[in-house]
Amino acid sequence: MYKLNNIYKSYDNEKTFVLNNLLLEVNNGDLLAITGKSGSGKSTLLNILSTIDKPTRGYYTFNNINLDNMTNDQLASFRNSHIGVVFQEYNLFSEFTVQENILLPTVFNKNKNNYFDEITKLLGIDFLLDKKAKLLSGGEQQRVAVARAMINNPDMILADEPTGNLDKDNAEQLFKMLKNLNERGVTVIAVTHNLNFAEKFKNIYELKDGQLFKQK
(Lines give C-alpha, C1' and ligand atoms only; values in the text may rest on other atoms or scores of the structure.)
Protein backbone atom coordinates (compact mmCIF):
# COMPACT_ATOMS: atom_id res chain seq x y z
CA MET A 1 0.00 0.00 0.00
CA TYR A 2 1.22 3.47 -0.96
CA LYS A 3 0.12 6.48 1.08
CA LEU A 4 0.64 10.19 0.59
CA ASN A 5 0.21 11.82 3.98
CA ASN A 6 -0.46 15.58 4.21
CA ILE A 7 1.75 16.33 1.21
CA TYR A 8 2.82 19.91 0.49
CA LYS A 9 5.01 20.86 -2.45
CA SER A 10 6.51 24.30 -3.04
CA TYR A 11 9.15 25.52 -5.49
CA ASP A 12 9.52 29.03 -4.01
CA ASN A 13 10.47 28.52 -0.35
CA GLU A 14 6.87 27.88 0.67
CA LYS A 15 5.47 31.16 -0.64
CA THR A 16 3.04 29.19 -2.77
CA PHE A 17 2.16 25.49 -2.87
CA VAL A 18 1.50 23.36 -5.92
CA LEU A 19 0.26 20.56 -3.64
CA ASN A 20 -1.50 21.59 -0.47
CA ASN A 21 -2.15 19.08 2.34
CA LEU A 22 -2.79 16.36 -0.25
CA LEU A 23 -3.91 12.91 0.87
CA LEU A 24 -4.01 9.71 -1.18
CA GLU A 25 -4.17 6.05 -0.25
CA VAL A 26 -3.38 3.56 -3.02
CA ASN A 27 -4.24 -0.07 -2.32
CA ASN A 28 -2.66 -3.04 -4.06
CA GLY A 29 -4.43 -3.69 -7.36
CA ASP A 30 -6.06 -0.27 -7.68
CA LEU A 31 -6.95 1.04 -11.14
CA LEU A 32 -6.96 4.78 -10.66
CA ALA A 33 -7.03 7.91 -12.83
CA ILE A 34 -6.08 11.42 -11.72
CA THR A 35 -7.44 14.31 -13.76
CA GLY A 36 -6.94 18.05 -13.54
CA LYS A 37 -6.52 21.17 -15.59
CA SER A 38 -3.19 22.14 -17.10
CA GLY A 39 -1.00 23.59 -14.36
CA SER A 40 -2.96 21.91 -11.57
CA GLY A 41 0.10 19.97 -10.39
CA LYS A 42 -0.47 16.59 -12.02
CA SER A 43 3.15 16.22 -13.12
CA THR A 44 4.36 17.28 -9.68
CA LEU A 45 2.14 14.66 -8.08
CA LEU A 46 3.37 11.99 -10.50
CA ASN A 47 6.99 12.86 -9.74
CA ILE A 48 6.36 12.43 -6.03
CA LEU A 49 4.45 9.17 -6.54
CA SER A 50 7.36 7.85 -8.62
CA THR A 51 9.91 9.01 -5.96
CA ILE A 52 11.69 11.13 -8.59
CA ASP A 53 10.88 14.15 -6.40
CA LYS A 54 10.26 14.57 -2.68
CA PRO A 55 7.55 16.61 -0.95
CA THR A 56 8.35 19.86 0.82
CA ARG A 57 6.31 18.67 3.79
CA GLY A 58 4.39 15.53 4.65
CA TYR A 59 5.56 12.01 3.97
CA TYR A 60 5.16 9.19 1.47
CA THR A 61 5.00 5.59 2.68
CA PHE A 62 5.07 2.12 1.16
CA ASN A 63 3.76 -0.58 3.50
CA ASN A 64 4.45 1.80 6.41
CA ILE A 65 8.04 2.43 5.29
CA ASN A 66 8.75 6.17 5.04
CA LEU A 67 10.25 6.65 1.58
CA ASP A 68 11.27 10.23 2.39
CA ASN A 69 13.92 8.89 4.77
CA MET A 70 15.71 7.01 2.00
CA THR A 71 18.85 8.26 0.31
CA ASN A 72 18.79 8.99 -3.42
CA ASP A 73 20.56 5.69 -4.11
CA GLN A 74 18.07 3.79 -1.97
CA LEU A 75 15.17 5.50 -3.73
CA ALA A 76 16.62 4.66 -7.14
CA SER A 77 16.86 1.00 -6.12
CA PHE A 78 13.32 1.05 -4.70
CA ARG A 79 11.94 2.70 -7.85
CA ASN A 80 13.69 0.20 -10.10
CA SER A 81 12.19 -2.72 -8.19
CA HIS A 82 8.69 -1.45 -7.38
CA ILE A 83 7.61 1.31 -9.78
CA GLY A 84 7.38 1.48 -13.55
CA VAL A 85 6.76 4.80 -15.31
CA VAL A 86 5.26 5.27 -18.78
CA PHE A 87 6.26 8.74 -19.95
CA GLN A 88 4.11 10.91 -22.19
CA GLU A 89 6.86 11.25 -24.81
CA TYR A 90 7.82 7.56 -24.41
CA ASN A 91 11.52 8.52 -23.83
CA LEU A 92 12.79 5.71 -26.05
CA PHE A 93 16.33 5.74 -27.45
CA SER A 94 15.67 6.17 -31.17
CA GLU A 95 18.78 4.28 -32.34
CA PHE A 96 18.23 1.39 -29.92
CA THR A 97 16.19 -1.63 -30.94
CA VAL A 98 12.90 -2.47 -29.26
CA GLN A 99 14.63 -5.19 -27.24
CA GLU A 100 17.42 -2.87 -26.11
CA ASN A 101 14.94 -0.20 -25.00
CA ILE A 102 12.83 -2.66 -23.04
CA LEU A 103 15.81 -4.19 -21.24
CA LEU A 104 17.38 -0.89 -20.13
CA PRO A 105 15.93 -1.01 -16.57
CA THR A 106 17.36 -4.50 -16.03
CA VAL A 107 20.91 -3.14 -16.13
CA PHE A 108 20.48 -1.98 -12.54
CA ASN A 109 18.41 -4.94 -11.38
CA LYS A 110 20.45 -7.50 -9.45
CA ASN A 111 17.71 -10.08 -9.86
CA LYS A 112 17.76 -10.58 -13.62
CA ASN A 113 14.25 -11.45 -14.76
CA ASN A 114 12.72 -14.06 -17.01
CA TYR A 115 9.78 -11.79 -17.79
CA PHE A 116 10.89 -10.49 -21.19
CA ASP A 117 9.25 -13.10 -23.44
CA GLU A 118 6.02 -13.03 -21.45
CA ILE A 119 5.60 -9.25 -21.45
CA THR A 120 6.50 -8.75 -25.13
CA LYS A 121 4.01 -11.43 -26.18
CA LEU A 122 1.36 -9.99 -23.87
CA LEU A 123 1.77 -6.54 -25.46
CA GLY A 124 1.99 -7.90 -29.00
CA ILE A 125 5.46 -6.57 -29.81
CA ASP A 126 7.46 -9.80 -29.83
CA PHE A 127 7.83 -9.54 -33.63
CA LEU A 128 9.36 -6.03 -33.40
CA LEU A 129 12.32 -6.81 -31.16
CA ASP A 130 15.07 -6.09 -33.70
CA LYS A 131 13.45 -2.95 -35.09
CA LYS A 132 14.87 0.45 -34.14
CA ALA A 133 12.60 2.66 -32.06
CA LYS A 134 12.72 5.50 -34.57
CA LEU A 135 10.96 3.28 -37.12
CA LEU A 136 7.97 2.48 -34.91
CA SER A 137 4.50 3.98 -35.10
CA GLY A 138 3.14 5.96 -32.15
CA GLY A 139 1.07 3.02 -30.94
CA GLU A 140 4.05 0.68 -31.19
CA GLN A 141 6.26 3.12 -29.27
CA GLN A 142 3.65 3.29 -26.53
CA ARG A 143 3.61 -0.51 -26.26
CA VAL A 144 7.40 -0.57 -25.99
CA ALA A 145 7.23 2.11 -23.28
CA VAL A 146 4.72 0.00 -21.33
CA ALA A 147 6.91 -3.10 -21.73
CA ARG A 148 9.95 -1.20 -20.45
CA ALA A 149 7.94 0.01 -17.44
CA MET A 150 6.86 -3.59 -16.74
CA ILE A 151 10.16 -5.41 -17.35
CA ASN A 152 11.25 -5.56 -13.69
CA ASN A 153 7.77 -6.77 -12.71
CA PRO A 154 6.90 -3.73 -10.54
CA ASP A 155 3.88 -3.64 -8.27
CA MET A 156 2.82 -0.19 -9.52
CA ILE A 157 2.68 1.41 -12.97
CA LEU A 158 2.43 5.20 -13.32
CA ALA A 159 1.36 6.61 -16.70
CA ASP A 160 1.91 10.31 -17.46
CA GLU A 161 -0.67 11.66 -19.96
CA PRO A 162 -0.47 8.28 -21.75
CA THR A 163 -2.95 9.20 -24.50
CA GLY A 164 -1.39 12.56 -25.32
CA ASN A 165 0.16 11.31 -28.58
CA LEU A 166 -2.41 8.64 -29.46
CA ASP A 167 -5.52 8.58 -31.60
CA LYS A 168 -8.80 7.20 -30.25
CA ASP A 169 -8.19 3.61 -31.36
CA ASN A 170 -4.68 3.46 -29.92
CA ALA A 171 -5.91 5.08 -26.69
CA GLU A 172 -8.48 2.30 -26.40
CA GLN A 173 -5.79 -0.33 -26.99
CA LEU A 174 -3.61 1.30 -24.35
CA PHE A 175 -6.38 1.11 -21.76
CA LYS A 176 -6.91 -2.57 -22.57
CA MET A 177 -3.20 -3.17 -21.99
CA LEU A 178 -3.24 -1.34 -18.66
CA LYS A 179 -6.40 -3.13 -17.57
CA ASN A 180 -4.86 -6.47 -18.51
CA LEU A 181 -1.83 -5.68 -16.37
CA ASN A 182 -4.11 -4.54 -13.55
CA GLU A 183 -6.02 -7.83 -13.68
CA ARG A 184 -2.69 -9.57 -13.15
CA GLY A 185 -2.32 -7.69 -9.84
CA VAL A 186 -0.43 -4.57 -10.89
CA THR A 187 -1.56 -1.24 -9.42
CA VAL A 188 -2.13 1.26 -12.22
CA ILE A 189 -2.32 5.06 -11.85
CA ALA A 190 -2.79 7.27 -14.90
CA VAL A 191 -2.44 11.05 -14.76
CA THR A 192 -4.48 12.44 -17.62
CA HIS A 193 -6.45 15.40 -18.94
CA ASN A 194 -8.44 13.04 -21.19
CA LEU A 195 -11.77 12.64 -19.39
CA ASN A 196 -13.03 9.96 -21.78
CA PHE A 197 -9.94 7.90 -21.00
CA ALA A 198 -10.25 8.55 -17.26
CA GLU A 199 -13.87 7.37 -17.21
CA LYS A 200 -12.71 3.85 -18.02
CA PHE A 201 -10.88 3.57 -14.69
CA LYS A 202 -12.39 2.09 -11.55
CA ASN A 203 -11.59 5.18 -9.45
CA ILE A 204 -11.14 8.79 -10.54
CA TYR A 205 -9.69 11.72 -8.59
CA GLU A 206 -9.54 15.35 -9.64
CA LEU A 207 -6.53 17.44 -8.63
CA LYS A 208 -7.75 20.94 -7.80
CA ASP A 209 -6.26 23.68 -5.62
CA GLY A 210 -3.46 21.33 -4.63
CA GLN A 211 -5.75 18.63 -3.28
CA LEU A 212 -7.42 15.47 -4.58
CA PHE A 213 -11.18 15.11 -4.75
CA LYS A 214 -12.72 11.72 -5.47
CA GLN A 215 -15.07 11.76 -8.45
CA LYS A 216 -15.81 8.05 -8.76
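Some observations on this one:
- Odd one out for Val188 among (1) of a type outside the set (Lys, Arg); (2) under 15 Å from the mean Cα position of the chain (by Cα); (3) surrounded by fewer than 16 Cβ atoms within 10 Å (Cβ to Cβ): (3)
- Test: residue in the range 65-88 that is closer than 30 Å to Gln141 by Cβ, of a type in the set (D, E, K, R) and in a loop (DSSP other than H, G, I, E, B): no
The rows are residues; the columns are (1) part of a strand (DSSP E or B); (2) under 24 Å from Leu104 (Cα atoms); (3) β-branched (Val, Ile, Thr); (4) over 16 Å from the mean Cα position of the chain (by Cα).
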{"position": "Leu4", "(1), (2), (3), (4)": "yes, no, no, no"}
{"position": "Ile7", "(1), (2), (3), (4)": "yes, no, yes, yes"}
{"position": "Asn13", "(1), (2), (3), (4)": "no, no, no, yes"}
{"position": "Leu22", "(1), (2), (3), (4)": "yes, no, no, yes"}
{"position": "Ser40", "(1), (2), (3), (4)": "no, no, no, yes"}
{"position": "Ser43", "(1), (2), (3), (4)": "no, yes, no, no"}
{"position": "Asn47", "(1), (2), (3), (4)": "no, yes, no, no"}
{"position": "Thr61", "(1), (2), (3), (4)": "yes, no, yes, yes"}
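- For the range 1-52, residues that are of a type in the set (Ser, Thr, Tyr) and more than 19 Å from Asp160 (Cα to Cα) total 4.
- Condition met for Gly210 (surrounded by fewer than 18 Cβ atoms within 10 Å (Cβ to Cβ) and of a type in the set (Gly, Ala, Ser)): no
- Output for the range 87-103, where each listed residue is at pLDDT 90 or above and surrounded by 14 or more Cβ atoms within 10 Å (Cβ to Cβ): Leu92, Phe96, Thr97, Val98, Gln99, Glu100, Asn101, Ile102, Leu103
- Residue within the range 123-132 that is in contact with a Leu (Cβ under 8 Å, 6 or more places away or on another chain), of a type outside the set (Lys, Arg) and closer than 18 Å to Gly84 by Cα present: no
- For the range 45-57, the candidate set comprises residues that are crowded, with 20+ Cβ neighbours inside 10 Å and out of contact with any helix residue (DSSP H, G or I) (no Cβ under 9 Å at 6 or more places or on another chain); within that set, the residue that is farthest from Tyr205 (Cα to Cα) is Ile48.
- Tabulated pairs, the range 63-81, first on the phi > 0 side of the Ramachandran plot, second at pLDDT below 90 and of a type in the set (A, V, I, L, M, F, W, C), C-beta under 9 angstrom, 6+ apart or interchain: Asn63/Met1; Asn64/Met1
- Residue among Leu212, Leu158, Leu166, Leu207 that alone is modelled with pLDDT under 90, on the phi < 0 side of the Ramachandran plot and among the hydrophobic types (A, V, I, L, M, F, W, C): Leu166
The values are calculated or read from the model by the stated rules, or taken from the named source; none is laboratory data. On a predicted model such as this, the values are computed, not experimentally measured, just so you know. Glycine gets a Cβ as well: all are built from the backbone with ideal geometry, and neighbour counts include every protein chain shown.
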